[in-house]
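S.K.: This structure is in structure tokens; I'll ask about it shortly.
The values are calculated or read from the model by the stated rules, or taken from the named source; none is laboratory data. These numbers were taken from a predicted model, which means no experiment stands behind them. Here the Cβ is made from the backbone with ideal geometry for all residues, glycine too, and neighbour counts use every protein chain on show. Calculation scope for accessible area: heavy atoms of the full protein, side chains included, ligands and nucleic acids excluded. Shrake-Rupley method; radii C 1.70, N 1.55, O 1.52, S 1.80 Å.
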Amino acid sequence: MTRRFMSLVTGGLVLSLALAGCSSDADQGPQQIELPAGDKQVEILGSFSGDEATLFEAALVDVEQRTGVDITYTPAPNFNQEMSDRIAAGNLPDIALYPEPNLLLSQKTSMVALDDIVNLPALQDTLVPGMDALARDAQGKTWGLPIRANIKSVVWYSQKAFKAHGYTAPTTDAELSALVKKIKADGGTPWCLGVESGSSTGWTATDWIEDYVLRMSGAEDYRKWAAGEIPFHSDLFNQAALKFKSVWDPAGNVAGGAQAVASTSFATVDDGMFTSNPNCYLMRQGSFFTGFLPLNVQENMDSEVGVFPLPATEGGTQGVVGRAELAAAFTKDADVQAVLNRMLSDLFGGTWAKAGGWLSPHITFDGRKYPNETVRSIAAILYSAQVFVYDASDLMPETVGNGAFTQSVTKWIKGEMTLDQMTAAIDAAWAAS
């Protein structure tokens with residue numbers, strides 16, 4: 001949703017992340033395609049505001065120094081409306097950073113295809129699989145590429161609690177099921193799970209189901225479902241929903257019981273996980289959640305927190321669901337080319353990575369720039385994924401993804417709807433959109 005933003009990573013994998021992407025900072029990125037000269041001025045329009053805008057502008061200093069181009073960043077908190085107004089007025093930025101791909105593709109007639117500006121094959125070699133296709137049209141043209149990623153699909157746990165009980169992070173769905181049984185046999189409660197989020201209650205549940213659609217049905221069918229080509233009343237959705245239900249419905253699986261899931265806040269559900277007597281041991285949540293952890297945990301993250309990817313089911317896809325900001329071009333000149341070549345490369349974002357809240361979409365990014373081992377471990381989940389897919393509910397019409405889907409899944413969890421009633425309600429919203 002718009003509001004949200006591994007087995008335990010082995011030392012060897014963390015080391016490979018730390019050493020990856022160590023190409024010289026003197027490099028300008030992918031080989032340039034010759035274009036007409038510009039005026040050494042580039043405007044970038046984006047939705048970053050407040051602290052994020054400050055961090056983005058700090059990251060742009062390096063781009064300016066490497067390219068000799070003066071970059072102006074214009075924040076647009078109401079980005080969708082701002083872009084529509086500027087296109088209508090013919091007042092286009094040189095580059096825009098889209099928070100989701102559907103709006104980008106709907107406005108492509110005003111853009112320059114990135115195939116005509118950057119060395120796309122070189123970027124595809126370093127991007128996480130699937131990220132190069134987020135804003136590709138049916139004709140195979142690429143109109144946007146990611147500069148930053150946020151991922152879901154992360155399971156969090158307390159290192160101290162795991163060590164005290166001799167638990168190890170699972171690498172398969174079968175191992176995760178065995179761990180859940182072991183925790184219950186030891187008198188504990190396996191899952192921390194809450195989907196309450198004010199008017200947006202239910203988005204945590206949609207994330208869970210999206211994760212299982214990907215893991216059980218693969219990326220191609222996931223994309224078809226997100227686009228409305230496969231309905232909610234399909235086997236694809238039903239099996240994913242029932243897999244999610246196997247997490248929260250069995251007695252003793254969730255802190256507070258199944259009846260508390262809908263009323264427990266997603267933001268504080270983990271608080272009892274890091275106590276001396278944990279009330280739960282596992283939480284699936286996005287990479288953004290580092291900022292929601294208890295303050296004492298944030299201060300000692302590497303000794304407190306462990307993460308692993310939500311495992312795929314047997315024979316399934318070990319991918320990640322997430323979001324990304326996508327850069328699109330409206331001007332075709334050497335200045336825009338130079339800025340994009342740097343900004344879209346694995347050399348961009350080091351200062352932002354160090355500050356936190358930023359994951360490079362490039363497998364070859366220098367992992368030593370991340371602030372701690374926990375973030376490097378989260379990055380490793382992204383970089384080891386078979387495929388990255390965009391958060392499905394954000395690709396759906398607003399009345400579906402952020403409306404009927406979140407509302408109906410909440411009613412289902414509360415026992416106010418059957419699975420068939422839930423899927424019928426969401427499909428009806430699709431038909432009316």
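S.K.: So, Val321, is that one within 11 Å of the chain's Cα centre (by Cα) and open to solvent by less than 10 Å² (accessible area, probe 1.4 Å) or not? Break it down into steps so the answer makes sense when it comes.
M.R.: Working: within 11 Å of the chain's Cα centre (by Cα): yes; open to solvent by less than 10 Å² (accessible area, probe 1.4 Å): yes.
Here the answer is yes, as Val321 does meet what is asked.
S.K.: OK, next. Evaluate region 264-280: report whether one residue or more is of a type outside the set (A, V, I, L, M, F, W, C) and in a strand (DSSP E or B). If you could, list the steps in order and put the result at the bottom.
M.R.: From region 264-280, those of a type outside the set (A, V, I, L, M, F, W, C) are 264-265, 268, 270-272, 275-279; that's our starting set.
Of the ones still in play, those that are also in a strand (DSSP E or B) are 265.
Yes, the conditions are met somewhere in region 264-280.
S.K.: Out of region 398-431, which residues are farther than 13 Å from Gly202 by Cβ and out of contact with any helix residue (DSSP H, G or I) (no Cβ under 7 Å at 6 or more places or on another chain)?
M.R.: So in region 398-431, the residues farther than 13 Å from Gly202 by Cβ come out as 398-399, 415, 418-421, 423-424, 427-431.
Glu398, Gly415, Thr418, Asp420, Gln421, Ala424, Asp427, Ala428, Ala431, listed by residue number.
Listed here are the residues, each with its yes/no results for (1) at pLDDT below 95; (2) touching a Lys or Arg at 6+ places or on another chain (Cβ under 9 Å); (3) farther than 30 Å from Met111 by Cβ.
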position	(1), (2), (3)
Pro361	no, yes, no
Gln407	no, no, yes
Thr410	no, no, yes
Lys414	no, no, yes
Trp430	no, no, no
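S.K.: Find the helices (runs of 4 or more DSSP H) located wholly in region 54-167 whose residues include 1 or more that are modelled with pLDDT of 95 or more and open to solvent by 20 Å² or more (accessible area, probe 1.4 Å), and list them.
M.R.: Once the helices (runs of 4 or more DSSP H) in region 54-167 are filtered for at least 1 residues that are modelled with pLDDT of 95 or more and open to solvent by 20 Å² or more (accessible area, probe 1.4 Å), what remains is 79-89, 101-106, 159-165.
S.K.: I've got another one for you. Quick check on region 168-179: of everything there that is open to solvent by less than 20 Å² (accessible area, probe 1.4 Å) and in a helix (DSSP H, G or I), which residue is farthest from Ser384 (Cα to Cα)?
M.R.: Leu179
S.K.: Please tell me if Thr290 is among the polar types (S, T, N, Q) and at pLDDT 95 or above.
M.R.: Numbers: among the polar types (S, T, N, Q): yes; at pLDDT 95 or above: no.
The answer is no for Thr290.
S.K.: So the check is Cβ under 7 Å with 6+ separation or different chains; which pairs have a first residue in region 345-367 that's surrounded by fewer than 20 Cβ atoms within 10 Å (Cβ to Cβ) and a second one that's among the polar types (S, T, N, Q) and part of a loop (DSSP other than H, G, I, E, B)?
M.R.: These pairs meet every condition: Thr364/Thr126.
S.K.: Now a separate question. Among the residues of region 256-315, which ones are more than 21 Å from Lys414 (Cα to Cα), open to solvent by 20 Å² or more (accessible area, probe 1.4 Å) and among the β-branched types (Val, Ile, Thr)?
M.R.: Selection gives Thr275, Thr290, Thr313.
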